[in-house]
1. In segment 207-256, how many residues are closer than 19 Å to THR165 by Cα, within 18 Å of the chain's Cα centre (by Cα) and either acidic (Asp, Glu) or part of a loop (DSSP other than H, G, I, E, B) (or both)?
2. Out of everything in segment 66-83 that is in a loop (DSSP other than H, G, I, E, B) and of a type in the set (Lys, Arg), what residue ends up being nearest to PRO102 (Cα to Cα)?
3. From the list GLY36, GLY58, GLY50, pick out the single residue that is in contact with a helix residue (DSSP H, G or I) (Cβ under 9 Å, 6 or more places away or on another chain) and either at pLDDT below 95 or polar (S, T, N, Q) (or both).
4. Give the number of residues within segment 234-271 that are in contact with a helix residue (DSSP H, G or I) (Cβ under 9 Å, 6 or more places away or on another chain), surrounded by fewer than 15 Cβ atoms within 10 Å (Cβ to Cβ) and among the small types (Gly, Ala, Ser).
5. In segment 147-200, which residues are outside any helix (DSSP H, G or I) and surrounded by fewer than 17 Cβ atoms within 10 Å (Cβ to Cβ)?
6. Scan GLU277, GLU208, GLU227 and give me the residue that is within 18 Å of VAL98 (Cα to Cα) and open to solvent by 60 Å² or more (accessible area, probe 1.4 Å).
7. Would you confirm whether any residue within segment 184-201 is closer than 26 Å to THR165 by Cβ, among the aromatic types (Phe, Trp, Tyr) and touching a Gly at 6+ places or on another chain (Cβ under 9 Å)?
8. Which one of these is within 24 Å of PRO120 (Cβ to Cβ) and modelled with pLDDT of 95 or more: GLY193, GLY239?
Amino acid sequence: MKKTLALWAALTTAALFATTGCTTTAGADGTAPGGGTVPPSAASSRTPGGTGASDGPGTADARAAAYRKWGLKPFAEPPAPPAKKPVTRKAGGPVPVVSDIPTTEKIVFITIDDGAEKDPEFVAMMRDLKIPVTMFLTDAAIRTDYRYFAPLVAQGHGVANHTLTHPNMRTLSEEAQRREICGQQEKLTKEYGERPRLFRPPYGNWNESTRTAAAACGVDAIVLWRESMQIKNMQYQRGDKKLHPGDIILAHFRGPSELKGTTMTEMTANLLRHIQEQGYTVARLEDYL
């Protein structure tokens, strides 16, 4: 019976995300856009990015070899985080909604949504490359295996809120939106040891009730995106079809069944090549927001 229920949950989650996706975007103002605990100290002691001298290959040759394993070249070092974050929520003010971060540095930010695909090779890839990502997790997608994400949290990657069940927030009352956001705040805090500060509405759909609900749940910012990664190529919102400083990029935890046979690590490698070819490097979103 337990095996039957587990299989049903997995199939239901796969169907949900295969049919709905997560990339239709429209804001209120028309703007596009397991068990156990990982202690906060475990995540904060390791920050992805840089040479990784304190955790893993400490020489340029070893770092190059780690990247070569995935068919990549090492990224340039990101700049030091700003002394003052360029986007903050004012005390008592509305939750800011952002698609990019104000900066002149040639940096971008990688965000990965949902959590349906749980490829152990992706964990190994992130361990080797030490490139920071922020994971916007949905409980309906991750509850079959909360512990898959624990090593990624321990590596220092950010955990953020993507609702309990992945609804279109604009179709819900403010109270229903609050339950979706606050409920996932509680689950992610319980599983990973730190309360998320960032929230992404499914499909990028939000309204003023979303902002009010997010504020009530302790969210500091609603995060949309400027580009979305597909299998081999990126979709751009701007007409010039180029990355810009501070852009937030959307990807998903997806595997061969949704990527036409492509693995998540191959999709991620394609994403990283696009970033590198345009002369950008990757910074940690939580350092700027």
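The values are calculated or read from the model by the stated rules, or taken from the named source; none is laboratory data. Note that the structure is a prediction, hence the values are computed from the model and not measured. So basically every Cβ, Gly included, is an ideal-geometry build from the backbone, and we count neighbours across all protein chains shown. In case anyone asks, the SASA skips ligands and DNA or RNA and just uses the protein heavy atoms, side chains included. Shrake-Rupley method; radii C 1.70, N 1.55, O 1.52, S 1.80 Å.
1. Summing the residues that are closer than 19 Å to THR165 by Cα, within 18 Å of the chain's Cα centre (by Cα) and either acidic (Asp, Glu) or part of a loop (DSSP other than H, G, I, E, B) (or both) in segment 207-256 gives 4.
2. LYS73
3. GLY36
4. 1
5. Quick first cut of segment 147-200, residues outside any helix (DSSP H, G or I) only: 155-168, 172-173, 193-200.
Those that are outside any helix (DSSP H, G or I) and surrounded by fewer than 17 Cβ atoms within 10 Å (Cβ to Cβ): THR165, ASN168, SER173, ARG195.
6. Working: GLU277 fails: within 18 Å of VAL98 (Cα to Cα); GLU227 fails: open to solvent by 60 Å² or more (accessible area, probe 1.4 Å).
On inspection, the qualifying residue turns out to be GLU208.
7. Taking segment 184-201 as the starting set, the residues that turn out to be closer than 26 Å to THR165 by Cβ are 184-201.
Subset that is among the aromatic types (Phe, Trp, Tyr): 192, 199.
Pick out the ones that are also touching a Gly at 6+ places or on another chain (Cβ under 9 Å) and you get none.
No, because not a single residue in segment 184-201 is closer than 26 Å to THR165 by Cβ, among the aromatic types (Phe, Trp, Tyr) and touching a Gly at 6+ places or on another chain (Cβ under 9 Å).
8. Only one candidate passes the filter, namely GLY193.
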